[in-house]
Amino acid sequence: MMLIGQHAAIYLSLTLIIENLLIMTLTLIIAEAGIHQHRATSGLLKQTLYNVIKNPVILSIVFGMLCVILNIQLPSSIVQALEMLGKTASPIALFVIGGSLVGMSLKAVDLQSMTLVLIKIVLMPLTIFLLFSLLPNVSQEMRYAGTLLAALPMPIAFGILGQNYGLGDKALSALMLSTILGFMLVSGLIALWWS
């Protein structure tokens, strides 16, 4: 908001819709397929879809989208309770991730983690910047906002999902590295573009 102003909420909302609806769903499908890969193809597809559909993240996205599409107004007491939960979700997730980092050694940082972080922190922002530079009718503000959003560290959900699928150390090491490198890259871009 301080950098971009009133359009920041629009850019962030569009990013979160794509990230949560498309990318999170694809990630859960791939993770579930990997867990159940020993099954027959028909059983694999059925079990994967069942586990993805009953995932609370997917259910909350679908429920939220249905409320918007059908113009359903929730009672104010429920809205207030959800807003309170929403305000505490990120700090609690950060606390859980921080607690999970205790005892993690640097051996968890491997080539796979570094590759993943470099793709997220370097390749994604560069791709967005170049794509927005080539597209007509994309303002400089939109190009900068898209690049900054792409340069942000991996979301906390990455570490939580990694722990759910037995990849806690690998996911947390990548999350920690992306936070450090993302902080430096975003700070550099802000200094370059808004100073």
* To do: Can you sort 110, 169 by 1.4 Å-probe accessible area, starting with the largest?
  => 169, 110
* Structure fact -> Nearest-0.05 FRET efficiency for residue 73 and residue 1 at R0 = 35 Å, using Cβ-Cβ distance, is 0.85
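Find the Rg to Rh ratio for the chain, where Rh is the Kirkwood radius over alpha-carbon pairs and Rg uses the same atoms. Walk me through the numbers on the way to the answer.
Numbers: Rg = 18.9 Å, Rh = 19.1 Å.
Using only Cα positions, Rg/Rh for the chain is 0.99.
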* Using the Kyte-Doolittle scale, which helices in the chain average at least 0.0 and also have C-alpha atoms spread 27 Å or more along the helix axis, with helices defined as whole DSSP H runs? -> 76-101, 168-194
* Structure fact -> Expressed as a percent, the accessible surface of the chain that is carbon or sulfur, using a 1.4 Å probe and the full set of protein chains, is 74 percent
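Working with all protein chains in place, sort 195, 113 by solvent-accessible area computed with a 1.4 Å probe, largest first.
Values: 195 125, 113 5 Å².
Ranked from most to least accessible, the order is 195, 113.
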* Taking the chain as a Gaussian network, Cα atoms linked when under 10 Å apart, which of 159, 34, 182 shows the biggest mean-square fluctuation? -> 34
* Structure fact -> Under a Gaussian network model of the chain whose springs join Cα atoms within less than 10 Å, the largest fluctuation of 46, 170, 120 belongs to 46
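The values are calculated or read from the model by the stated rules, or taken from the named source; none is laboratory data. Remember, it's a predicted structure, so these values are computed and weren't measured experimentally. A quick note on method: Cβ atoms are made from the backbone with ideal geometry, for glycine too, and the neighbour counts reach across all protein chains shown. Just so you know, the surface numbers come from the protein's heavy atoms only, side chains and all, with ligands and any DNA or RNA stripped out. Shrake-Rupley method; radii C 1.70, N 1.55, O 1.52, S 1.80 Å.
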